[in-house]
Amino acid sequence: MRSRRPRSPESRQLGYLVNEEICRAPGCVACRVFGWHSGSRTVRIRGSLNRSPHGFEAGLFHPELGNEALGGRMFVAGIQLQFQSEAFSVEIPVASLAVEFEDGGKVVVFSDARNPEVRMFTRDQSILRHLAIRSLPGVASVLGRREATRALRLTLYFAAGCVLALWLGSLAMSLMARAVVARIPMEWEQKIGAREIEKLQKHGSLLDDPNSVAQLAALASPLIQALPAGRRDWKFYIANDRAPNAFALPGGYVVVSTGFLEMADQPEEILGVLAHELAHQTKRHAMRRCLAAAGPVVIFGLFIHSNSGMGNLLAAGSGLMVYEGFSKDYEMEADATGWNYLVAANIDPRGMIRALQKLEAWEGAPGLRPLAPEAFQSHPATEKRIARLESQWKKLGRKSDFLDLAPVKWTFKETVTN
């Protein structure tokens, strides 16, 4: 422990306590930072200019104290580190300080290189920001790593915030689109669907075969009764196409190709695909997709204001609603919803799985066009959909006593063309 000299006139004039001592440490970093050399003497200023006024809560291990740690406060005073308590005071020149980090870096330990048994420690990390301390060997590298870690953490937080903001924005747009679609009158959907059916009829794409259409409608009747109330009025059409295909149009129109009806060996397979396509319409995926294509500004405007201009938007996007594939999310929702319709109608839902397996085999058959039916374009990988539905079957509580559906023999009135 050192004794302090009385204030000199100069120090009293400056308001500081001035100590003078010969600095014998060669290349002393602290002296270069704080010292003013006069020959071989260094004037050290200890006071409010560079001393932490309140210090840092700290502890001390000292040979005179045995194995007990003494609590007190630590101060950075000029070019020395001080520990003070009511009964004990120790000073270590900064030039003699060795710094260690313990407890995962939470505890900073200072020791005297001349007397390693004297150790001061604190959990107050702010001491490392003091110029005299952060200039010590080892401290700068630790602070650098901490700053890099902090910068990385902030970057990750920022990136996560951006992702969250985008997700929330997407969710908000989806909810607004749902709200806007819920206001669309069914009459508008019916006009869109009727217009597309008229186009198909003008192009000769639909069979004029009332008996086969009646067979299809009768087969679908149990499934239709399981749909939500108000969505049970459907008109069926058969397309003159060898490619297996099926799709539902806005307004209650269902089109199934002759190729698909001939490919299906069991009526449950036909109903499985119909359930999927009907789910697209009961969930109004086509309308929601049309709005999504218009962009968030249009969605927000329609949500805030009214249906003004919505009719023109839907008319312009009718082709998109009918002939473009759905997103992965829509397809997954249609699979899950259609599966529930089948179960509610007491129809064996495995027909949906078998239909997908046949469509998958058709897609990979040599010599056939390398694309799925329109009803399955842009779908998630078929094998993944099959695996997901098989998992649903395993979770299903009831696996028997489904409707006993008689096989349907299709005899089409017109010749099937490519």
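Is there a residue being aromatic (Phe, Trp, Tyr), within 22 Å of Phe61 (Cβ to Cβ), more than 37 Å from the chain's Cα centre (by Cα) and modelled with pLDDT under 90 anywhere in the stretch 81-94?
Pass one, the stretch 81-94, residues aromatic (Phe, Trp, Tyr): 83, 88.
When the remaining residues are screened for being within 22 Å of Phe61 (Cβ to Cβ), the result is 83, 88.
Next cut, more than 37 Å from the chain's Cα centre (by Cα) only: 83, 88.
Within this subset, residues satisfying the condition of being modelled with pLDDT under 90 are 88.
The answer is yes; a qualifying residue exists.
Enumerate the helices (runs of 4 or more DSSP H) found wholly within the stretch 261-379, keeping only those where 1 or more residues are touching a Gly at 6+ places or on another chain (Cβ under 6 Å), assigned by TED's automatic domain parsing to the domain that holds Ala239 and modelled with pLDDT of 95 or more. I'd like the intermediate steps shown before the answer.
Details: elements: 267-282, 285-294, 296-304, 310-316, 318-323, 328-344, 350-364.
By residue number, 267-282, 350-364.
Restricting the search to the stretch 214-235, which residues are aliphatic (A, V, I, L, M) and either touching an Asp or Glu at 6+ places or on another chain (Cβ under 6 Å) or more than 20 Å from Glu268 (Cβ to Cβ) (or both)?
Of all residues in the stretch 214-235, those aliphatic (A, V, I, L, M) come to 214, 216-220, 223-224, 226-227, 229.
Within the stretch 214-235, Ala229 is the sole residue that qualifies.
Please determine, by comparing only the residues of the stretch 70-80 that are farther than 16 Å from Arg119 by Cβ and touching a Phe, Trp or Tyr at 6+ places or on another chain (Cβ under 7 Å), which one is modelled with the lowest pLDDT. Within the stretch 70-80, the match that is modelled with the lowest pLDDT is Gly78. The selection criterion, being within 20 Å of Phe75 (Cα to Cα), surrounded by 14 or more Cβ atoms within 10 Å (Cβ to Cβ) and of a type in the set (D, E, K, R), does not hold for Arg178. For the stretch 120-149, which residues satisfy the criterion of being among the charged types (D, E, K, R), closer than 30 Å to Ala69 by Cβ and part of a helix (DSSP H, G or I)? Those that are among the charged types (D, E, K, R), closer than 30 Å to Ala69 by Cβ and part of a helix (DSSP H, G or I): Arg129, Arg134, Arg145, Arg146.
In this structure, Lys413 qualifies as at pLDDT below 90, of a type in the set (Lys, Arg), surrounded by 10 or more Cβ atoms within 10 Å (Cβ to Cβ) and at negative phi.
Here is a check on your reading of the model: is Ala229 of a type in the set (A, V, I, L, M, F, W, C) and crowded, with 21+ Cβ neighbours inside 10 Å?
Working: of a type in the set (A, V, I, L, M, F, W, C): yes; crowded, with 21+ Cβ neighbours inside 10 Å: no.
So Ala229 does not fit the description; no.
Listed by first and then second residue, the pairs with beta-carbon distance under 9 Å, at least 6 apart or on different chains, first residue in the stretch 241-262 and surrounded by fewer than 22 Cβ atoms within 10 Å (Cβ to Cβ), second assigned to a loop (DSSP other than H, G, I, E, B) and among the basic types (Lys, Arg), are Ala243/Arg369; Gly252/Arg231; Gly252/Arg232; Gly259/Arg242; Glu262/Arg242.
Yes/no per residue for (1) within 27 Å of Thr337 (Cβ to Cβ); (2) part of a loop (DSSP other than H, G, I, E, B); (3) among the hydroxyl-bearing types (Ser, Thr, Tyr):
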{"site": "Gly204", "(1), (2), (3)": "no, yes, no"}
{"site": "Asn211", "(1), (2), (3)": "no, no, no"}
{"site": "Leu216", "(1), (2), (3)": "yes, no, no"}
{"site": "Ile224", "(1), (2), (3)": "yes, no, no"}
{"site": "Ala229", "(1), (2), (3)": "yes, yes, no"}
{"site": "Ile238", "(1), (2), (3)": "yes, no, no"}
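Of the candidates Trp167, Trp188, the single residue that is modelled with pLDDT of 85 or more, out of contact with any strand residue (DSSP E or B) (no Cβ under 7 Å at 6 or more places or on another chain), of a type outside the set (Val, Ile, Thr) and assigned to a helix (DSSP H, G or I) is Trp167. Look at (1) among the charged types (D, E, K, R); (2) modelled with pLDDT of 90 or more; (3) surrounded by fewer than 14 Cβ atoms within 10 Å (Cβ to Cβ) and you find that Arg41 fails only one, number (2).
The values are calculated or read from the model by the stated rules, or taken from the named source; none is laboratory data. In this text the structure is predicted, and so the values were computed from the model without any measurement. Glycine also receives a Cβ, built like all others from the backbone with ideal geometry; neighbour counts cover every protein chain displayed.
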